[in-house]
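The values are calculated or read from the model by the stated rules, or taken from the named source; none is laboratory data. This is a predicted model, so every value here is computed, not measured. When we count neighbours, we look across all protein chains shown, and the Cβ atoms used for this are built from the backbone with ideal geometry, even at glycine. For accessibility, only protein heavy atoms count, side chains too; no ligands or nucleic acids. Shrake-Rupley method; radii C 1.70, N 1.55, O 1.52, S 1.80 Å.
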Amino acid sequence: MVGPMARVEIYSSMWCPFCYRAKRLLKSKDAGFTEYNVDGDPALRGEMMRRAGGRHTVPQIFIDGAHVGGSDELAALERAGRLDPMLQGQAS
């Protein structure tokens with residue numbers, strides 16, 4: 001990818017197959033990300049839920065501070081050709 005990369009954050013759990021799928025897609029794009037493991041951390045899970053509009057499942061993914069959703073939404077962005085521009089810091 002060319003240019004500055006967007007800041008990607010992912011709230012995840014160690015035992016979540018959807019988290020692995022989302023991280024695999026991000027890694028395939030050479031997108032660095034900050035991972036927050038919510039296992040056993042109610043405060044961190046609460047922060048995730050606040051930022052994600054009440055959604056409590058993992059993963060919850062944010063690109064440049066904007067809530068993208070979970071693994072399915074990330075894959076949908078990829079299929080629609082919208083993920084690369086977002087990861088490059090361009091508006092979707």
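For the reader, a short list of remarks on this structure follows.
- Taking (1) of a type in the set (D, E, K, R); (2) in contact with a strand residue (DSSP E or B) (Cβ under 9 Å, 6 or more places away or on another chain); (3) closer than 15 Å to Glu9 by Cα in turn, Asp39 satisfies each apart from (3).
- Restricting the search to helices (runs of 4 or more DSSP H) fully inside the chain and requiring at least 1 residues that are in contact with a Ser or Thr (Cβ under 6 Å, 6 or more places away or on another chain) and not β-branched (Val, Ile, Thr) gives 17-28, 83-87.
- Pair list, Cβ under 9 Å, 6 or more apart: the stretch 51-64 residue free of Cβ contacts under 8 Å to residues at least 40 places away in the same chain, other residue in a helix (DSSP H, G or I) and of a type outside the set (S, T, N, Q): Arg55/Met48; Arg55/Met49; His56/Arg45; His56/Met48; His56/Met49; Thr57/Phe18
- Residue pairs whose Cβ atoms lie under 7 Å apart, sitting 6 or more positions apart in sequence or on different chains, and linking a residue in the stretch 27-44 that is within 12 Å of Gln60 (Cβ to Cβ) and open to solvent by 60 Å² or more (accessible area, probe 1.4 Å) to a partner that is not hydrophobic (A, V, I, L, M, F, W, C) and not in a helix (DSSP H, G or I), are Glu35/Ser12.
- Cβ-Cβ under 7 Å pairs, at least 6 apart or on other chains, the stretch 72-87 side under 18 Å from Phe33 (Cα atoms), far side hydroxyl-bearing (Ser, Thr, Tyr): Arg82/Ser92; Pro85/Ser92; Met86/Ser92
- Hits in the stretch 45-66 - residues which are open to solvent by less than 40 Å² (accessible area, probe 1.4 Å) and small (Gly, Ala, Ser): Gly46, Ala52
- Applying the set (1) within 20 Å of Ser13 (Cβ to Cβ); (2) of a type outside the set (Asp, Glu); (3) open to solvent by 20 Å² or more (accessible area, probe 1.4 Å) to Gly69 leaves exactly one unmet item: (3).
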